[in-house]
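First the structure, in the form of structure tokens, and then the observations on it.
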Amino acid sequence: MSDGNQQPGQEPEVVLLYCQHGLCHEAKGSAWYQECAGLSIRAIMMPCSSKIEVSYILKLLESGADAVEVVACPEKSCKYLVGSLRAERRIEYVRGLLEKIGYAPERVGISRKLSQSPVQLMDLARARADAVRSFGINPMKKGE
Amino acid sequence: MIFAEWKPLDELIDKLKIHRKVLLVGCATCVAECAAGGEKEVETLAPLLRMALKKQDHSIEIITATLEKQCEWEFVEQLAQQVAEVDAIMSIACGIGVQALAERFDPVVVYPGVNTSALTIREEAGLWAARCAACGDCILGETFGYCPVARCAKSLLNGPCGGTRKDGKCEVNEEVDCVWNLIVERADERGRLESLSKFKKAKDWSNSSHGGPKRVIREDLRQ
Ligand code: SF4
Ligand code: SF4
């Protein structure tokens with residue numbers, strides 16, 4: 001299935017929204033950036049994954065992101081108890097909405113991880129990129 | 001609160017695709033409480049519609065606004081400037097808000113983006129349930145605070161119907177309490193069971209929608 005136009009040479013742009021506790025302690029406070037061959041990643045730290053609203057994710061896709069990966073704490077480790085559970089439910093809801101308008105729900109995903117190194121976070125983004133590659137670029141980029 | 005829910009997205013997309021520029025308007029009151037038509041929902045539905053329309057090769061601009069109350073003229077007026085720029089409006093307020101916009105901004109076409117379906121209470125996060133049907137002749141005083149008009153599947157005034165399940169749920173929906181079971185239980189708790197078997201006059205439905213469109217005048221409030 002394709003919901004967009006696959007164009008050779010265009011690598012997926014992935015937005016990574018991660019809970020502050022998703023990043024390991026050593027990497028905190030330092031500006032971290034990881035070069036990823038063949039992939040464009042924008043990583044944004046959130047105070048808690050529950051801060052991620054459905055509208056934020058849709059706006060990211062509307063503005064051309066090919067995929068969004070949310071990194072939330074495992075259920076029992078969430079500092080706000082139900083924050084990551086809420087995030088997970090919202091992601092499910094967004095995926096349902098995407099399906100209804102003919103977009104691949106795989107464009108949005110969530111991982112439950114704690115204290116990841118920057119490299120590990122990038123791997124999660126890469127996995128999301130791989131999951132959407134077959135769907136082509138985001139149809140919002142058509143005619144740019 | 002007045003409860004509403006989004007119409008199917010296909011239906012909304014179909015309405016909008018013939019337009020050039022559309023104003024999507026929400027209301028920060030009841031429909032925000034039921035997570036269908038507040039600012040959050042406007043800012044969720046707008047990108048969704050833009051994405052859907054773009055995918056179908058329709059280039060339509062969607063601008064947004066959310067009024068404090070879409071059923072008050074003072075707030076409706078705040079849209080005048082934006083409405084001048086568009087060739088259609090989609091409102092995700094209840095039917096009252098939709099009609100207010102249609103009346104004020106005639107001849108601009110106004111589409112309802114939601115179906116207004118009930119008067120509800122939020123029982124818990126993400127769960128709303130009917131509590132009133134605006135019958136115009138409230139009988140809560142005789143039914144121990146439970147409304148059989150809105151909460152009995154058959155709107156019985158002399159229930160229970162006989163179909164109540166063993167666990168006290170309604171025969172029509174196993175997830176909903178039989179409201180007549182609740183009424184009888186509360187009457188019993190208060191030692192007032194006999195009050196339910198008293199003869200009652202037929203309910204007066206003339207003050208509900210059965211009596212024609214409602215129109216109320218309060219001279220003390222008129223200018
Ligand atoms: S009896 Fe009528 S007015 Fe009273 S709660 Fe029920 S529907 Fe509403
Ligand atoms: S089981 Fe109770 S709520 Fe359901 S229809 Fe019968 S009386 Fe009404």
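In region A:102-115, what count of residues is obtained for those that are within 10 Å of another protein chain (Cβ to nearest Cβ) and either among the hydroxyl-bearing types (Ser, Thr, Tyr) or buried (at least 22 other Cβ atoms within 10 Å of the Cβ) (or both)?
If we filter region A:102-115 for residues that are within 10 Å of another protein chain (Cβ to nearest Cβ), which is where we start, we get A:102-103.
Then drop every residue that is not either among the hydroxyl-bearing types (Ser, Thr, Tyr) or buried (at least 22 other Cβ atoms within 10 Å of the Cβ) (or both), which leaves A:103.
Of the residues in region A:102-115, 1 are within 10 Å of another protein chain (Cβ to nearest Cβ) and either among the hydroxyl-bearing types (Ser, Thr, Tyr) or buried (at least 22 other Cβ atoms within 10 Å of the Cβ) (or both).
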ask   = Taking A:Leu60 and the conditions (1) surrounded by 21 or more Cβ atoms within 10 Å (Cβ to Cβ); (2) more than 14 Å from chain B (Cβ to nearest Cβ); (3) within 24 Å of B:Asp10 (Cα to Cα), which numbered condition does it fall short on, given that it satisfies the others?
value = (2)
message = Just to be sure I understand, how many residues within region B:120-158 are within 16 Å of ligand 2 (Cβ to nearest atom), under 15 Å from the mean Cα position of the chain (by Cα) and not in a helix (DSSP H, G or I)?
response = 6
request  = Assess whether B:Ala52 counts as being under 29 Å from B:Ile121 (Cα atoms) and within 14 Å of chain A (Cβ to nearest Cβ).
outcome  = no
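Go through region B:193-203 and give me each residue that's out of contact with any helix residue (DSSP H, G or I) (no Cβ under 7 Å at 6 or more places or on another chain) and touching a residue at least 12 places away in the same chain (Cβ under 8 Å). Full working, then the answer.
Going residue by residue through region B:193-203, those that are out of contact with any helix residue (DSSP H, G or I) (no Cβ under 7 Å at 6 or more places or on another chain) are B:194, B:197-203.
If the condition is that a residue be out of contact with any helix residue (DSSP H, G or I) (no Cβ under 7 Å at 6 or more places or on another chain) and touching a residue at least 12 places away in the same chain (Cβ under 8 Å), then B:Lys200, B:Lys203 are the ones that fit.
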request  = Only one of these is without any contact (Cβ under 8 Å) to a residue 12 or more places away in the chain and not in a helix (DSSP H, G or I): A:Gly109, A:Gly96, A:Gly143, A:Gly102. Name it.
outcome  = A:Gly143
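Yes or no, residue by residue, for (1) in contact with a helix residue (DSSP H, G or I) (Cβ under 7 Å, 6 or more places away or on another chain); (2) modelled with pLDDT of 95 or more; (3) away from every other protein chain (no Cβ under 14 Å); (4) within 16 Å of ligand 1 (Cβ to nearest atom):
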| residue | (1), (2), (3), (4) |
| --- | --- |
| B:Pro112 | yes, yes, yes, no |
| B:Asn115 | no, yes, yes, no |
| B:Cys132 | yes, yes, yes, yes |
| B:Asp137 | no, yes, yes, yes |
| B:Thr143 | yes, yes, yes, yes |
| B:Leu156 | yes, yes, yes, yes |
| B:Gly159 | yes, no, yes, yes |
| B:Arg165 | no, yes, yes, no |
| B:Lys169 | no, yes, yes, no |
request  = Report, by residue number, each residue of region B:195-223 that is loosely packed, with under 11 Cβ neighbours inside 10 Å, at pLDDT 95 or above and not in a loop (DSSP other than H, G, I, E, B).
outcome  = B:Glu219, B:Asp220, B:Leu221
message = Looking at the structure I just gave you, is B:Ala134 surrounded by fewer than 15 Cβ atoms within 10 Å (Cβ to Cβ) and touching a strand residue (DSSP E or B) at 6+ places or on another chain (Cβ under 9 Å)?
response = yes
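The values are calculated or read from the model by the stated rules, or taken from the named source; none is laboratory data. Computed from a prediction, not measured in an experiment: that's the story for all the values here. Counting neighbours? That spans all protein chains shown, and the Cβs are built from the backbone with ideal geometry, glycine included.
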